[in-house]
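The values are calculated or read from the model by the stated rules, or taken from the named source; none is laboratory data. Treat the numbers as computed from the prediction; the structure is a model and nothing was measured. Virtual Cβ from ideal backbone geometry, glycine too; neighbours counted across all protein chains shown.
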Amino acid sequence: MEQEQLPPPQSQSVPPLPPPRERDAVIWGSLLILAGALFFIGNFFAVDEGPIFLLIVGLAFLFAYFLGRNRIGFLIAGGIITGLGVGVLLEDLLFYNDGVVLICLGLGFMFIWVIARNHVWAAITGAILAAIGISEYTNQWTDLWRWWPVALILVGIWVLVRRLQVVRGGS
């Protein structure tokens, strides 16, 4: 009796990326749609073209990163420029406060860390910018300055915990 040959099991891996020419078409087509939509919205709201341009450029870098380029420079530029663009746009449209720009810029830096966890500098920079932005937005500088030593305490605890992990790990 002959054994029936089964097809090989399908891999659960990520499907292969399309060829570079097709990826580029997806990137450029998406950017044109995004640019058209943002400029169209700008026709109905009193928005400067500056924030829209920042958003388009920032999102272009993020598209390039997520659509297969995976170069960290695209993610860094995309996170920073998109955060700045969102902040300036929100400041123009809704908040009229400089703190919003710093908060969104900080969130842009934190986005870099969320996607690429090995870039802790982005989380630290983002947290500092967001804290300054929140303080600026709420006009609570005195409260912020009272609490800054807590940051030193937290960093010290983090350094000690990391050191204990290394010692226990035998490295």
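Which residues, counting only those in the stretch 89-119, are among the β-branched types (Val, Ile, Thr) and in contact (Cβ under 8 Å) with a residue 40 or more places away in the chain?
115
Condition first: under 30 Å from residue 29 (Cα atoms) and either exposed (fewer than 13 other Cβ atoms within 10 Å of the Cβ) or modelled with pLDDT of 90 or more (or both). Can you find one or more residues in the stretch 143-150 that meet it?
Scanning the stretch 143-150, I find no residue that is under 30 Å from residue 29 (Cα atoms) and either exposed (fewer than 13 other Cβ atoms within 10 Å of the Cβ) or modelled with pLDDT of 90 or more (or both), so the answer is no.
Could you grab the pairs with beta carbons closer than 7 Å, sequence gap of 6+ or different chains, first residue in the stretch 44-64 and in a helix (DSSP H, G or I), second one among the acidic types (Asp, Glu)?
Filtered contacts from the stretch 44-64: 51/92.
Taking the condition of being farther than 20 Å from residue 30 by Cα, at pLDDT below 85 and either assigned to a helix (DSSP H, G or I) or of a type in the set (Val, Ile, Thr) (or both), how many residues in the stretch 65-98 meet it?
Qualifying residue count, the stretch 65-98: 5.
Give the number of residues within the stretch 111-136 that are among the aliphatic types (A, V, I, L, M) and surrounded by 20 or more Cβ atoms within 10 Å (Cβ to Cβ).
4
If you go through the stretch 93-109 one residue at a time, how many are surrounded by fewer than 19 Cβ atoms within 10 Å (Cβ to Cβ) and either among the hydrophobic types (A, V, I, L, M, F, W, C) or outside the structural domain of residue 65 (by TED's automatic domain parsing) (or both)?
3
Do we find a residue being on the phi < 0 side of the Ramachandran plot and either surrounded by 12 or more Cβ atoms within 10 Å (Cβ to Cβ) or modelled with pLDDT of 85 or more (or both) anywhere in the stretch 5-17?
Yes, that holds for at least one residue.
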